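Only one structure is covered here, and it is reproduced in the block below.
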Amino acid sequence: MDRRDFLKTLAAAGALVTVKSSGMMDVMASTMPATATASDGKADLAAIMNGEPAEMLQAAMKELGGIERFIKKGDKIVIKPNIGWDRTPELAGNTNPDLIAALIKMCQDAGAAEIKVFDHTCDNWSRCYDHSGIDAAVKKAGATMVYGHEQSSYQNVEIPKGVSLKSAQVHKAIIECDKWINVPVLKNHGGALMTCAMKNHMGIVWDRRAFHSRGLHQCIADICTYKPAVLHIVDAYRTVATNGPQGRSASDVVLTKALFASPDIVAVDTAAGKFFTQINKNIKFEDIEHIPDGQKHGLGTMDLESINVKRVRL
Amino acid sequence: MAIAVIAILTFGFLDFAGIIDNPLLQKIQFGPALFSVSIVTLVCLIAGTLIFGRLYCSVVCPLGIFQDLFNWLSKKFDKKKKYGYKPEQPWLRWGVLAVLIIAWVCGFTFLVGLLEPYSAYGRMADELFRPIYLFGNNLLAIISEKMGSYRFFKVVISLKSITAFVVALLTLLVVGHISYHHGRTWCNTICPVGTLLGFFSRFSLLRMRIDKDKCNHCLACQRKCKAFCIDSANQKIDYSRCVDCFDCIDSCKQKAISYGPVKCTKTTVKTADNVDESKRQFLKSTLVIAALAPAALEAKVAGTKDTRVPMSPPGSISHKNLLQHCTACHLCVSKCPSHVLKPAGMEYGLGGIMQPVMKFDQGYCNYDCNLCSQVCPAGAIRPITVEQKHSTQPGRVVFNKDICVVNVNRTSCGACAEHCPVQAIHMVPFQGGLTIPETTPDLCVGCGGCEFICPVKAVHIEGNPIHLEAKAPEQDTNIQTQDFDFGF
């Protein structure tokens with residue numbers, strides 16, 4: 001391949017991406033208000049306790065009406081776990097790999113055309129991918145592990161609804177996919193107090209320092225307006241209760257055996273937040289500001305009474 | 001075989017994917033072995049030289065093999081290329097060695113590292129060849145990504161230090177030029193390892209021999225000798241300079257040269273005696289100067305104080321230990337997966353130029369990584385386990401509340417505490433629901449996560465000239481481990 005050919009290919013690919021993403025944006029815009037009211041008995045939020053990650057996922061999806069409610073045959077899907085830290089699954093710094101594997105299987109059965117998994121890690125990416133067990137789980141399940149450690153994987157996008165964050169460099173996998181599923185792990189966080197579905201969006205952007213200098217909570221809420229995920233699945237099988245988000249040792253981790261799932265990001269973070277503040281009583285739910293900020297953006301509701309919540313103990 | 005050695009050794013510097021985790025060839029190099037005082041390696045290398053001559057210079061030393069490659073190239077372009085015989089330059093050879101010994105004793109290790117052949121090659125590999133290799137990898141990654149495969153991944157290419165780059169480039173040009181035009185002249189006049197091994201190879205058991213009856217003084221061998229050590233007219237070979245390349249054997253149509261055990265030592269002993277005089281004088285003067293100089297220089301080093309104390313990698317024990325042992329081969333720099341280790345400029349003073357220093361502008365030291373300590377061949381970074389690393393404090397955290405965004409902007413942040421693996425920085429209640437960093441420097445392991453991520457550089461790590469012990473963190477007990485419900 002000579003330079004001219006290379007440039008041509010590059011230009012063609014660029015054009016393709018632009019056309020694709022602009023087409024997709026219209027679709028996304030029309031599906032923006034994710035807080036659809038309860039329809040034909042399907043739950044808006046499923047809260048499951050006392051199971052293993054994979055079986056809690058099955059139970060949650062049963063309540064929500066199956067994965068087919070959220071993705072269609074032939075969709076190009078991205079699954080975005082939290083793989084931020086060089087931690088083993090027992091230390092719960094990252095999303096549980098069994099949950100990711102089960103979710104991939106579900107998406108495959110629903111006819112997804114392509115499933116990519118990535119995160120912009122904090123610690124050295126290859127150590128995070130390896131030690132979290134997610135790289136192995138994804139490859140074993142037959143999905144694609146994508147890299148997020150390199151700036152060229154990110155593209156600058158506008159965030160029209162952003163209050164503090166007007167633009168950000170977002171990973172191409174998110175920009176190019178048809179739909180994405182947000183799979184955070186519930187943890188304590190020194191700055192944001194709690195990290196869950198909304199905070200997990202910091203892993204789709206390149207420059208996170210901007211978030212910290214411009215006001216963390218507002219920026220988190222802002223990035224969530226960019227291209228909302230169709231479904232948020234909160235892994236609370238093991239929870240870093242203190243010294244988060246990394247935790248210093250196993251003594252910071254509680255075996256909580258819970259899972260929350262909803263298409264409504266504010267509702268799912270509200271549920272997870274209330275669950276979390278029982279475990280770490282030092283944290284007040286009201287202080288987790290990015291959740292009300294998200295509600296102000298119209299991303300969902302904090303009023304769990306107003307939606308159809310299903311609680312299941314296995 | 002020499003090509004295999006240089007290829008594997010170079011790959012040790014280029015490899016970013018961790019294919020070779022423990023580069024063995026780097027550990028059998030003479031220079032690092034001397035600095036790490038690994039007796040076994042030294043004895044083996046010296047014994048090897050006493051038996052086989054300077055075979056080391058032809059098949060182990062990467063700079064030697066590298067020069068042979070240049071030499072081979074030069075013959076491709078100039079088919080009639082001829083060498084000759086030149087008498088030894090003992091004053092120059094031993095003079096360089098003496099200067100280096102004095103420099104080292106005075107804490108001026110930079111000069112030693114500059115001329116130590118393995119380290120000189122290491123820097124070339126790390127600063128010059130590695131970027132090319134990474135660039136190739138990145139092209140491959142772009143192409144494979146276009147085809148939908150994520151098998152290859154892109155890596156960051158950066159100039160680690162201008163000083164090191166310039167030094168590596170100059171080494172390449174100077175050594176390349178000399179070897180292209182003058183064969184192994186570098187090895188036999190400048191190289192300190194060449195001089196030392198040359199001392200032993202004089203007495204080697206196996207060596208080149210000229211059969212005086214068969215030899216017809218045709219000078220063919222002399223013209224072929226890239227070490228300029230065969231005096232065909234007098235049928236003598238200077239064994240201190242012969243690097244056992246065997247070119248002469250093939251060149252001799254009379255089959256008068258062979259490699260084998262020594263029979264008659266008369267002539268060689270004579271040459272050795274001649275040289276000994278000058279050598280002894282050198283050693284004497286070296287020792288005298290070495291004994292006098294360090295005090296003066298140490299005072300000078302102490303005088304050059306920066307506002308920030310540099311941080312040497314965990315395992316290096318102290319700046320002094322690093323200074324004494326490190327020949328700046330940059331194997332640790334090339335292996336550091338987080339791009340934290342950089343060749344120093346003047347951080348450690350003049351003597352420590354190009355030695356590894358921890359910098360957090362591109363990343364931070366991974367809590368569970370001890371790679372640099374595992375690969376160091378010179379004992380400058382001692383091998384430490386991950387557990388030992390967790391209790392080592394090469395530097396400690398300093399927090400400047402005046403510029404912290406929580407204090408200045410009244411917005412939440414916590415990026416520093418988030419990155420701290422031991423909670424030496426943790427968030428404590430501030431105004432409203434906000435939390436602000438608080439430090440416990442005794443817990444700090446100096447990983448630099450906080451400094452790397454802080455958007456305003458309100459936290460940084462100050463190096464410990466002598467590494468301290470990091471205390472183990474106390475366990476938190478304020479967790480509800482049972483009796484919880486959905487909570488909503």
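For the structure I just gave you, tell me whether B:PRO377 is at pLDDT 95 or above and touching a helix residue (DSSP H, G or I) at 6+ places or on another chain (Cβ under 6 Å). Talk me through it step by step, then tell me what you get.
Details: at pLDDT 95 or above: no; touching a helix residue (DSSP H, G or I) at 6+ places or on another chain (Cβ under 6 Å): yes.
No: the conditions fail for B:PRO377.
Can you report the number of residues in region A:168-209 which are under 22 Å from A:PRO53 (Cβ atoms), small (Gly, Ala, Ser) and either crowded, with 24+ Cβ neighbours inside 10 Å or more than 13 Å from the chain's Cα centre (by Cα) (or both)?
1
Being within 12 Å of chain B (Cβ to nearest Cβ), closer than 23 Å to B:VAL155 by Cβ and not in a loop (DSSP other than H, G, I, E, B), is that true of even one residue in region A:74-85?
Filtering region A:74-85 for residues within 12 Å of chain B (Cβ to nearest Cβ) gives A:76, A:84-85.
Checking the rest, the ones that are also closer than 23 Å to B:VAL155 by Cβ come to A:84-85.
Checking which are not in a loop (DSSP other than H, G, I, E, B) leaves us with none.
No: zero hits.
If a residue must be over 14 Å from A:HIS212 (Cβ atoms), more than 9 Å from chain A (Cβ to nearest Cβ) and aliphatic (A, V, I, L, M), how many such residues does region B:404-459 contain?
Count: 4.
Taking only region B:154-172 into account, find how many residues are outside any helix (DSSP H, G or I) and touching a strand residue (DSSP E or B) at 6+ places or on another chain (Cβ under 6 Å). Spell out how you get there, then give the answer.
Our first condition is that a residue be outside any helix (DSSP H, G or I); within region B:154-172, this holds for B:154-161.
Subsequent filtering for residues that are touching a strand residue (DSSP E or B) at 6+ places or on another chain (Cβ under 6 Å) retains B:160-161.
So the answer is 2.
Return the total of residues in region A:192-220 being more than 8 Å from chain B (Cβ to nearest Cβ) and assigned to a loop (DSSP other than H, G, I, E, B).
Initially, region A:192-220 is screened for residues more than 8 Å from chain B (Cβ to nearest Cβ), giving A:194-207, A:211, A:219-220.
Then keep just the ones that are assigned to a loop (DSSP other than H, G, I, E, B); that gives A:196-198, A:206-207.
The number of residues fulfilling the criteria is 5.
Can you tell which of B:ASP368, B:ASP361 is without any contact (Cβ under 8 Å) to a residue 24 or more places away in the chain, surrounded by fewer than 18 Cβ atoms within 10 Å (Cβ to Cβ) and within 14 Å of another protein chain (Cβ to nearest Cβ)?
Details: B:ASP361 fails: without any contact (Cβ under 8 Å) to a residue 24 or more places away in the chain.
So the residue among B:ASP368, B:ASP361 that is without any contact (Cβ under 8 Å) to a residue 24 or more places away in the chain, surrounded by fewer than 18 Cβ atoms within 10 Å (Cβ to Cβ) and within 14 Å of another protein chain (Cβ to nearest Cβ) is B:ASP368.
Could you say whether any residue in region A:195-208 is in contact with a Cys (Cβ under 8 Å, 6 or more places away or on another chain), of a type outside the set (D, E, K, R) and closer than 20 Å to A:LYS296 by Cβ? Working first, answer last.
First, pick out the residues of region A:195-208 that are in contact with a Cys (Cβ under 8 Å, 6 or more places away or on another chain): A:198, A:201.
If we keep only those that are of a type outside the set (D, E, K, R) as well, we get A:198, A:201.
Within this subset, residues satisfying the condition of being closer than 20 Å to A:LYS296 by Cβ are A:198, A:201.
The answer is yes; a qualifying residue exists.
Could you give every pair whose Cβ atoms fall below 6 Å, whose first residue belongs to region A:110-129 and is facing chain B (nearest Cβ under 10 Å), and whose second residue is assigned to a strand (DSSP E or B) and polar (S, T, N, Q), counting only separations of at least 6 or pairs across chains?
Between residues of region A:110-129 that are facing chain B (nearest Cβ under 10 Å) and residues that are assigned to a strand (DSSP E or B) and polar (S, T, N, Q), the close pairs are A:LYS116/A:THR144.
Is it the case that B:GLU462 is facing chain A (nearest Cβ under 10 Å), surrounded by fewer than 19 Cβ atoms within 10 Å (Cβ to Cβ) and out of contact with any helix residue (DSSP H, G or I) (no Cβ under 8 Å at 6 or more places or on another chain)?
Working: facing chain A (nearest Cβ under 10 Å): no; surrounded by fewer than 19 Cβ atoms within 10 Å (Cβ to Cβ): yes; out of contact with any helix residue (DSSP H, G or I) (no Cβ under 8 Å at 6 or more places or on another chain): yes.
Criteria not met by B:GLU462.
Return only the number of the condition from (1) in a helix (DSSP H, G or I); (2) within 12 Å of chain B (Cβ to nearest Cβ) that A:ALA102 does not satisfy.
Of (1) in a helix (DSSP H, G or I); (2) within 12 Å of chain B (Cβ to nearest Cβ), only one is false for A:ALA102: (2).
Can you find even one residue in region B:391-400 that is under 30 Å from B:ILE28 (Cβ atoms) and either among the hydroxyl-bearing types (Ser, Thr, Tyr) or surrounded by 20 or more Cβ atoms within 10 Å (Cβ to Cβ) (or both)? Talk me through it step by step, then tell me what you get.
The first filter runs over region B:391-400 and keeps only residues under 30 Å from B:ILE28 (Cβ atoms), leaving B:392, B:394.
Within this subset, residues satisfying the condition of being either among the hydroxyl-bearing types (Ser, Thr, Tyr) or surrounded by 20 or more Cβ atoms within 10 Å (Cβ to Cβ) (or both) are B:392, B:394.
Checking region B:391-400: at least one residue is under 30 Å from B:ILE28 (Cβ atoms) and either among the hydroxyl-bearing types (Ser, Thr, Tyr) or surrounded by 20 or more Cβ atoms within 10 Å (Cβ to Cβ) (or both).
Do we find that B:PHE66 is surrounded by 16 or more Cβ atoms within 10 Å (Cβ to Cβ) and more than 30 Å from A:GLU176 (Cβ to Cβ) in this structure? Steps first, answer last, please.
Details: surrounded by 16 or more Cβ atoms within 10 Å (Cβ to Cβ): yes; more than 30 Å from A:GLU176 (Cβ to Cβ): yes.
It is true that B:PHE66 is surrounded by 16 or more Cβ atoms within 10 Å (Cβ to Cβ) and more than 30 Å from A:GLU176 (Cβ to Cβ).
Just checking, which of B:ILE3, B:ILE19 is over 22 Å from B:CYS187 (Cβ atoms), over 17 Å from the mean Cα position of the chain (by Cα) and surrounded by fewer than 18 Cβ atoms within 10 Å (Cβ to Cβ)?
Values: B:ILE3 fails: over 22 Å from B:CYS187 (Cβ atoms).
Result: B:ILE19 is the single residue among B:ILE3, B:ILE19 that is over 22 Å from B:CYS187 (Cβ atoms), over 17 Å from the mean Cα position of the chain (by Cα) and surrounded by fewer than 18 Cβ atoms within 10 Å (Cβ to Cβ).
The values are calculated or read from the model by the stated rules, or taken from the named source; none is laboratory data. Everything numeric here is computed off the predicted structure, so don't read it as measured data. With ideal geometry, Cβ positions are generated from the backbone for all residues, glycine too; neighbour counts draw on all protein chains shown.
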